[in-house]
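The values are calculated or read from the model by the stated rules, or taken from the named source; none is laboratory data. It should be emphasised that the depicted structure is a prediction, and the values quoted were computed from it without experimental measurement. No Cβ is skipped: glycine too gets one built from the backbone with ideal geometry, and neighbour counts run over all protein chains shown. All accessible areas refer to the heavy atoms of the entire protein, side chains included, with ligands and DNA or RNA removed. Shrake-Rupley method; radii C 1.70, N 1.55, O 1.52, S 1.80 Å.
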Amino acid sequence: TVRRDYGVLTRAIVAGASGQLRNKATTAGNLLQRTRCPYFYDTNQPCNKRRPGTGCAAIGGVSRQLAVIGSSDQCIATYPSDMAVAMRLLDASVETVKADGTTRRIAMADFHRLPGDTPERDNELERGELITAVTLPKPIGGTHLYHKVRDRASYAFAIVSVAAVIQKDGTGRAAFGGVAARPWRVEAAEAAMPQGARAVASGVFSGAKPTEENKFKILLAERTLASVIAQAKG
């Protein structure tokens, strides 16, 4: 059913990692991956995500792979999941149970947090809250595509990725990975899909604040979306 009705999700999962890792991974574990940044890994470097208030070594440091939009002066890390980008595109929701036994449903659009002043918080889960399910809406038809641009052909995080569903009349929706601390989608910009990738990208990346090292990502995202649109038409 997922392969037939949610092809963009299937393609994103396959792009995510090696077969061995996918066989061991869980859906919840994938969604709960922490944002990616070399300074987060290096415990000798200051990192507001690892130790709030210590500063962000990435700002002014090596930032080629880091966020171009949605960041703050506290953190410019990026979110790594491919699967979540497709789920954001499909308007999935996350079902949870809290420590007191109460349950709730969180829209994928609201699940992952932007850094703001609290970069140590990656998502909206409370302490002791567990993911129990992920729900997909009814199939939306169209051509489902996922393109991932990365430094290696496999086993590498996206520099930029695009998940898209394009309808026969040229309308559609698109979400982007590798550009922010969460899957990045701007629904208002999708109205420009029939006008092409440049029109969509100008809306998606309005307000972007890239560094000198990663400003190429904005043009790369536009060109990747253009490739996806062309493939859908072809």
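Things to note:
- Enumeration of residues in region 70-102 that are open to solvent by 30 Å² or more (accessible area, probe 1.4 Å) and in a strand (DSSP E or B): E95, V97
- R105 passes every criterion in (1) open to solvent by less than 60 Å² (accessible area, probe 1.4 Å); (2) outside any helix (DSSP H, G or I) apart from (1).
- Close contacts from region 185-204, counting a first residue that is closer than 14 Å to V228 by Cβ and a second that is among the β-branched types (V, I, T), with Cβ to Cβ under 6 Å and a gap of 6+ residues or different chains, come to M193/T171; M193/V200; A197/I229; V204/V186.
- Residue match in region 48-55 (condition: of a type in the set (D, E, K, R), touching a helix residue (DSSP H, G or I) at 6+ places or on another chain (Cβ under 8 Å) and surrounded by 14 or more Cβ atoms within 10 Å (Cβ to Cβ)): yes
- Candidate set: region 129-160, residues that are small (G, A, S) and open to solvent by 50 Å² or more (accessible area, probe 1.4 Å); chosen: the one modelled with the highest pLDDT: A153
- Residues that are small (G, A, S) and exposed (fewer than 14 other Cβ atoms within 10 Å of the Cβ) were ranked within region 6-47; the one that is nearest to the chain's Cα centre (by Cα) is G29.
- Output for region 84-108, where each listed residue is on the phi > 0 side of the Ramachandran plot and under 20 Å from the mean Cα position of the chain (by Cα): D91
- Checklist (1) in contact (Cβ under 8 Å) with a residue 40 or more places away in the chain; (2) touching a Leu at 6+ places or on another chain (Cβ under 9 Å) applied to Y79, failing item: (2)
- Cβ-Cβ under 8 Å pairs, at least 6 apart or on other chains, region 92-118 side within 15 Å of W184 (Cβ to Cβ) and aromatic (F, W, Y), far side in a strand (DSSP E or B) and open to solvent by less than 10 Å² (accessible area, probe 1.4 Å): F111/V94
- Residues located in region 1-34, provided they are in a helix (DSSP H, G or I), within 20 Å of D122 (Cβ to Cβ) and touching an Asp or Glu at 6+ places or on another chain (Cβ under 9 Å): A12, G16, N30
- Residue count, region 205-229 (criterion: touching a residue at least 60 places away in the same chain (Cβ under 8 Å), within 29 Å of G61 (Cβ to Cβ), open to solvent by less than 40 Å² (accessible area, probe 1.4 Å) and not in a loop (DSSP other than H, G, I, E, B)): 4
- Selected residue [within 25 Å of A164 (Cβ to Cβ) and not aliphatic (A, V, I, L, M)] from Y39, Y6: Y6
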